[in-house]
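The next block holds one structure in the form of structure tokens; read it before the comments.
The values are calculated or read from the model by the stated rules, or taken from the named source; none is laboratory data. Being a predicted model, the structure only gives us computed values, none of them experimental. Don't worry about glycine lacking a Cβ; one is built from the backbone with ideal geometry, like all the others, and counts go over all protein chains shown.
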Ligand SMILES: Nc1ncnc2c1ncn2[C@@H]1O[C@H](COP(=O)(O)OP(=O)(O)O)[C@@H](O)[C@H]1O
Ligand SMILES: [Mg+2]
């Protein structure tokens, strides 16, 4: 790879709805606790799909298995046609998966643009020798990298902040910076763990548009974990619901929101009040 620009961001993409990832009976146990219990799940290419469920349902644990942070206890996992069960995170990242974290993980003492450059490291070709010699090819790569980093910051809507330290950004902007960094490796799929957490309603509304642009303009599939039901229901093409580690429902937003098991899971949890509040009419009539 020599050229990095947004215009060729979408090359090497699977056709829409081809299976990007498949988890079969994926299970994670921590001692006596089964955090994820035999979950079957697929990600269709070119879509925005969501994983929801009450606090502690196993959503983040599921992400951690997909990305290799956790070694699953049991089950099967394939990504891009490769067996990725138990593979380390950097190997899975190289196949085209990247993520953000529920608790933001930025280098707060580094500038925003440098944070995005860090996300590019799986793709930069320059090795040790060319770094020492500062070969022209490597300088060009650096230049192109900075250019792409700035384009990505513009893409997520925080371009004016590129020279600021990441730690000085307001919370919502840090979330968007983390998304820019996740996109920097030009992944086939990006996993977003509660990106709207800490965002105000305006920022949350903008996030909906951003997810559609990630899909449509970058050709990148999106898997979203989200608490903000209004966002999930408006942005997702398919929703999967976990409760106590088990998949209890899956379907279009309309199918899922009218599913009695889902309504019960939410109303019976500590999140019930939140859901009923934002979502009361649909839940009440389901
Ligand atoms: N590293 C871990 N060690 C032990 N228990 C964990 C670990 N990670 C998650 N859990 C437990 O697994 C369950 C699911 O957690 P999590 O996946 O974070 O849920 P969610 O993201 O849906 O809120 C919780 O009971 C949590 O305490
Ligand atoms: Mg979580």
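Filtered by the rule that a residue be surrounded by 20 or more Cβ atoms within 10 Å (Cβ to Cβ), more than 16 Å from ligand 1 (Cβ to nearest atom) and in a loop (DSSP other than H, G, I, E, B), the range 193-240 gives 199, 220, 236. Kindly indicate the residue of the range 93-105 that is crowded, with 21+ Cβ neighbours inside 10 Å and part of a loop (DSSP other than H, G, I, E, B) and also farthest from ligand 2 (Cβ to nearest atom) among those meeting that condition. This residue is 96. Against the condition in a strand (DSSP E or B), under 24 Å from residue 235 (Cβ atoms) and within 8 Å of ligand 1 (Cβ to nearest atom), how does residue 36 come out, does it pass? Yes. For the range 49-70, a residue qualifies if it is on the phi > 0 side of the Ramachandran plot and within 7 Å of ligand 1 (Cβ to nearest atom), and the qualifying residues are 53, 56, 58. Can you find a residue in the range 67-85 that is touching a residue at least 60 places away in the same chain (Cβ under 8 Å), within 16 Å of ligand 2 (Cβ to nearest atom) and touching a helix residue (DSSP H, G or I) at 6+ places or on another chain (Cβ under 8 Å)? The answer is yes, given that some residue of the range 67-85 is touching a residue at least 60 places away in the same chain (Cβ under 8 Å), within 16 Å of ligand 2 (Cβ to nearest atom) and touching a helix residue (DSSP H, G or I) at 6+ places or on another chain (Cβ under 8 Å). In this structure, residue 32 does satisfy being more than 22 Å from residue 185 (Cα to Cα) and either loosely packed, with under 11 Cβ neighbours inside 10 Å or at pLDDT below 95 (or both). For residue 90, indicate whether it is surrounded by fewer than 17 Cβ atoms within 10 Å (Cβ to Cβ) and within 14 Å of ligand 1 (Cβ to nearest atom). Taking the combined requirement at face value, the residue does not satisfy it.
Take the conditions (1) more than 16 Å from ligand 2 (Cβ to nearest atom); (2) farther than 24 Å from residue 110 by Cβ; residue 241 misses just one of them, which is (1). Restricting the search to the range 233-249, which residues are within 22 Å of residue 22 (Cβ to Cβ) and in contact with a helix residue (DSSP H, G or I) (Cβ under 7 Å, 6 or more places away or on another chain)? Within the range 233-249, 236, 239, 241, 242, 243, 248, 249 qualify.
Are any of the residues in the range 35-44 more than 16 Å from ligand 2 (Cβ to nearest atom) and modelled with pLDDT under 95? Among the residues of the range 35-44, not one is more than 16 Å from ligand 2 (Cβ to nearest atom) and modelled with pLDDT under 95, which makes the answer no. For the range 256-286, filtered to residues that are surrounded by fewer than 19 Cβ atoms within 10 Å (Cβ to Cβ) and under 11 Å from residue 233 (Cβ atoms), the residue that is modelled with the lowest pLDDT is 282. So how many residues does the range 241-256 have that are within 16 Å of ligand 1 (Cβ to nearest atom), without any contact (Cβ under 8 Å) to a residue 60 or more places away in the chain and part of a loop (DSSP other than H, G, I, E, B)? Residues in the range 241-256 being within 16 Å of ligand 1 (Cβ to nearest atom), without any contact (Cβ under 8 Å) to a residue 60 or more places away in the chain and part of a loop (DSSP other than H, G, I, E, B): 0 in total.
Screening residue 55 with (1) surrounded by 14 or more Cβ atoms within 10 Å (Cβ to Cβ); (2) modelled with pLDDT under 95; (3) within 23 Å of residue 266 (Cα to Cα) gives one miss only, at (1).
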